[in-house]
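K.L.:
I have a structure I would like to understand better, so I am pasting it below and will then ask my questions one at a time.
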Amino acid sequence: MEKKNAPILGRRIFLYLTSFFSGMSVMAIELGASRLLAPYFSSSQIVWTVIIGTIMIAMAIGNVWGGRSADRHPEPERLFRRLLLVAVWTALIPFIGRWVIAGVTGLLALFISSNFLVWASMGSCLVLFVFPLMLLGTVTPSLMKYTTDSLDDNGKTLGELEALNTIGSIIGTFLPTFVTIPAVGTARTFLIFAAILAVISLAFFVSQRRWIARSAVCAVIITALVFAPANYSFAFWEGGDVVLEDESIYNYLQVKEDDRRIALSTNVAFGVQSIKIKDGGMTGMYYDYALAAPLMAEKAEDVLILGLGTGTFAELCLERFPGCEVTGVEIDEKIVDISREYFGLPEEVNAIVGDGRAWLTASEEKWDVIMVDAYQDITIPFQMSSVEFFTEVREHLAPGGVMVVNMSMRSESAGSMNEYLMDTIQSVFPCCAAVRVANGTNMELFASAGPEAFERFEAALEALPAGDLRDIMERVDSDMFAVEGGEYILTDDKAPVELLGMAVLDEIIGSELEGLRERIAAEGIMSLLGEL
């Protein structure tokens, strides 16, 4: 290769910038992939494993292809055409990604009967991200070809290229997570990095006086889309009830409102994590059942909620137990902001931003009631499911105090997620009882140091006046069963919560898909298409 045919390549700085921004774009696309998939498949470690594994395979293929291509065709124009193609593909992801995910998931639903979450997320990754990341994988070996003039200093040159690519990857890890995604969202994050790649390609083609018009059009369109007032809704199937779609460092956030209620969903396409009933009545969800905990406690003056959300349980406690003080710990600051703006969380609720376990460990206070509400479908923080964590909770309970844990995925299978949690909790608290929430997959577990808690509950129930609270507590009383405990114990060292959660989700999805397949067999697939 003669540098005179590609004058810009005679400037090492341009090649170094190409390596730097390519590495940055790889990580930005990877992190964007996790946020794009989260509303549909959750943000669990399993989904992260699928994303990382798929992308590493794509990069490996790209490395091999790029090296061989550079040997056979040492024209740098080929590399920058590939970068321009990556820019266009990446810019399309915000617009077609949700439809691709829906299509891949719907297609796999017809054939997959187990491990559906893994296959659906992997299929979506393969279609959306393998091709552009495979092309980005060709960058480093191609640049090595263009920058190596002799064997005398090739080690130094290759080391510098690799270092800049790695530094770009490091910045590409932090920039989307802490800056672009929280500030402008996942969609515009894809567009920003697509624009960067398009501009690099444009600079090369301008220097070559070739492909200028095409690359300029791509760069201008992509850059314009970054600033366009477009709506990149994840929940494309929703009607007009969605009043907010936002993203934070931790979550995809969706707020829906109708005449009766306001609801928050996080990282899930369906389901509710927090709810507010506008007329102040009971929610009809697990929060109502959890109100048994203050009745079981010796007193209900101080309540701690680990996983505050928008404060559904906090408000119920303030309403049903006047005079109590409520502290809530929520890791996502944006959720706390949403709780004040959209859900009217009372100012007397002490909302603290932080990790529940870390904050509890650092605290010296004790509470009469501690609610653990940090589990969301299969996204269960392992550090808040272990013997060590529940021991910490017990040490922070006042005498006569009660812990209540919301377990979100119910299964009757032996060795299920909930069985592990119940056995783990019972190994710390000698007296435990649980109740299954009607019309849902939740289960509430109540734990205390002694049987007096359940005796107090019976007495408090008798004293309750007629009304909705008494109706719910009578249901709790009639359906509650003792937790005996067993050998399924989770520890900080060993807590395979992702696999356990996936097994339950797989069971739930399997039963739903079986009904879908039966309908298709009886009525044909057009019966489903007619509803779209």
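K.L.:
Please report, in debye to the nearest 20, how large the charge dipole of the chain is about its Cα centre when each Lys and Arg carries +1 at its beta carbon and each Asp and Glu carries -1 there. Walk me through the numbers before you get to the answer.
P.N.:
On the way: 37 positive and 67 negative charges, 833 e Å.
About 4000 debye.
K.L.:
Using only the alpha-carbon atoms, how far is helix 497-523 inclined from the longest principal axis of the chain? Give it as 0 to 90 degrees, nearest 10.
P.N.:
80
K.L.:
What angle, in degrees between 0 and 90 and rounded to the nearest 10, separates the Cα long axis of helix 77-109 from the longest principal axis of the Cα atoms of the chain?
P.N.:
So the helix axis and the longest Cα principal axis differ by about 30 degrees.
K.L.:
Also: Given a cut-off of under 8 Å on Cα pairs at least six residues apart, what relative contact order in percent is computed for region 68-177?
P.N.:
Values: 51 pairs, mean separation 36.2, N = 110.
Reported as a whole number, the value is 33 percent.
K.L.:
Follow-up question, since we're still on this one. Once the other residues with Cβ under 13 Å from the Cβ of ALA460 are scored (Lys, Arg +1; Asp, Glu -1), what is the net sum?
P.N.:
Values: positive: LYS299, ARG320, ARG456, ARG470; negative: GLU298, GLU452, GLU455, GLU458, GLU462, GLU474, ASP477.
Around ALA460, the charge tally is -3.
K.L.:
Between SER363 and ALA228, what length in nm is gained on full extension when 0.36 nm per residue of separation is reduced by their alpha carbon distance? Intermediate values should be presented prior to the final figure.
P.N.:
On the way: separation 135, 0.36 × 135 = 48.60 nm, distance 4.63 nm.
Between SER363 and ALA228, full extension yields an extra 44.0 nm.
K.L.:
Related question: Could you derive backbone 3J(HN,Hα) for region 161-171 from the dihedral phi with the Karplus parameters 6.51, -1.76 and 1.60 (θ = phi - 60°), listing whole Hz in sequence and x where the residue is Gly or Pro?
P.N.:
3J(HN,Hα) across region 161-171, in whole Hz: 4, 5, 5, 5, 4, 5, 4, x, 5, 5, 5.
K.L.:
Now a separate question. Expressed as a rounded percentage, what relative contact order does the chain have, with Cα pairs under 8 Å and six or more residues apart?
P.N.:
Values: 891 pairs, mean separation 74.5, N = 532.
Contact order relative to length: 14 percent.
K.L.:
Compute the relative contact order of region 282-498 as a whole-number percentage, counting only Cα pairs closer than 8 Å that sit 6 or more residues apart in sequence.
P.N.:
24
K.L.:
On average over all directions, what projected area in square nanometres does region 240-320 have, based on the convex hull of its Cα atoms? All intermediate terms of the calculation are to be shown ahead of the outcome.
P.N.:
Details: hull surface 24.4 nm².
So the Cα hull casts an average projection of 6.1 nm².
K.L.:
Taking H placed 1.01 Å from N in the peptide plane, check which residues at least 5 places from GLY328 or on another chain put their amide H under 5 Å from its amide H.
P.N.:
Here the answer is ILE305, ASN350, ALA351, ILE352, since their amide H atoms fall under 5 Å of that of GLY328.
K.L.:
Which of ILE249, LEU464, ILE335 sits closest to the plus end of the dipole of the chain, meaning its Cα is farthest towards the positive end, when Lys and Arg get +1 and Asp and Glu get -1 on the C-beta?
P.N.:
Going by the Cα projections, it comes out as ILE249.
K.L.:
Under a plain spin-label model, where a point goes 7 Å from the Cα along Cα-to-Cβ, how far apart in nm are GLU75 and THR166?
P.N.:
Going by the 7 Å Cα→Cβ label model, 3.5 nm.
K.L.:
Over 28 Å between Cα atoms, which of LYS276/LYS334; LYS334/LYS494; LYS256/LYS299 qualify? Walk me through the numbers on the way to the answer.
P.N.:
Numbers: LYS276/LYS334 17 Å; LYS334/LYS494 31 Å; LYS256/LYS299 35 Å.
Correct reply: LYS334/LYS494; LYS256/LYS299.
K.L.:
For the chain, what does -39500 (n - 2.57) per DSSP helix run (n ≥ 4), summed and divided by total residues, give at 222 nm, in deg cm²/dmol to the nearest 500?
P.N.:
About -18000 deg cm²/dmol.
K.L.:
Right, another one. Just how far, in whole angstrom, is region 156-235 from region 313-364 if you go by their alpha carbon centroids?
P.N.:
Each part's Cα centre sits 39 Å from the other's.
K.L.:
Related question: Along the charge dipole of region 3-227, Cβ charges K/R +1 and D/E -1, which of MET27, VAL206, ALA91 sits furthest on the positive end?
P.N.:
VAL206
K.L.:
Could you please tell me the mean projected area of the C-alpha convex hull for the chain, averaged over all directions and given in square nanometres to one decimal?
P.N.:
Details: hull surface 115.3 nm².
Projected area, direction-averaged: 28.8 nm².
K.L.:
Between THR391 and VAL242, what is the label-point separation in nm under the 7 Å Cα-to-beta-carbon projection?
P.N.:
Placing both labels 7 Å beyond Cα along the Cβ direction yields 4.5 nm.
Read-outs: derived from the displayed coordinates by stated rules, not from any lab. Nothing here was measured: the structure is a model prediction, and the numbers come from that model. Heads up, the Cβs are rebuilt from the backbone with ideal geometry, glycines too, and the neighbour counts pull from every protein chain shown.
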